Amino acid sequence: MSTHGVVDHDPDCLFCKIVAKKIPSRPVYEDDEFYCFHDIAPWAPVHFLIIPKAHIPSMAHITDAHAGLMGRMMALVPKLAAQEGCNPYPDGGFRLVTNTGVEGGQEVRHLHFHVMGGSRPWLRG
Ligand code: AMP
Ligand code: ZN
């Protein structure tokens, strides 16, 4: 258990398996707290996911205790968007999405930010 009362690793979770390299992925960035990889079914020319390595199921589980972690996660967004080829703001930019729960359209129950960008049109979004 982590100090936040959620399991750090769920052996049945797809993204925990990706963090553990039990399932292959195309890496974008990695540090002690986060793993970032290309979405397997991209909607846009640039489409990658940023996930905490700890198994936090969704944004609905975020509390004040996660403020530092979430701040560091947000700060990765513009840095990695530029690294992966999103065009510069304001004519370029990117879309940041985090689906939460069934009604929020979440399919994988491990917190993730979608970062999408690149020249339009996009497949979706
Ligand atoms: P969500 O619907 O917000 O839960 O998004 C889950 C995302 O994970 C979708 O965009 C999927 O395409 C993506 N995804 C599912 N399996 C994999 C995988 N093995 N590698 C990379 N991305 C994946
Ligand atoms: Zn997980």
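Here are the numbers for the structure shown:
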| quantity | calculated |
| --- | --- |
| Residue tally, condition free of Cβ contacts under 8 Å to residues at least 12 places away in the same chain and surrounded by 11 or more Cβ atoms within 10 Å (Cβ to Cβ), over the stretch 80-97 | 2 |
| From Glu107, Glu103, residue being within 25 Å of Gly125 (Cβ to Cβ), more than 11 Å from ligand 1 (Cβ to nearest atom), open to solvent by 70 Å² or more (accessible area, probe 1.4 Å) and among the acidic types (Asp, Glu) | Glu103 |
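Yes or no, residue by residue, for (1) open to solvent by 30 Å² or more (accessible area, probe 1.4 Å); (2) in contact (Cβ under 8 Å) with a residue 60 or more places away in the chain:
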{"position": "Phe15", "(1), (2)": "no, yes"}
{"position": "Tyr35", "(1), (2)": "no, no"}
{"position": "Trp43", "(1), (2)": "yes, yes"}
{"position": "Val46", "(1), (2)": "no, yes"}
{"position": "Ile50", "(1), (2)": "no, yes"}
{"position": "Ala54", "(1), (2)": "yes, no"}
{"position": "Asp64", "(1), (2)": "yes, no"}
{"position": "Met70", "(1), (2)": "no, no"}
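The values are calculated or read from the model by the stated rules, or taken from the named source; none is laboratory data. These figures come from a predicted structure and were not determined experimentally. Quick reminder, even Gly has a Cβ in these numbers, built from the backbone with ideal geometry, and neighbours come from all protein chains shown. Calculation scope for accessible area: heavy atoms of the full protein, side chains included, ligands and nucleic acids excluded. Shrake-Rupley method; radii C 1.70, N 1.55, O 1.52, S 1.80 Å.
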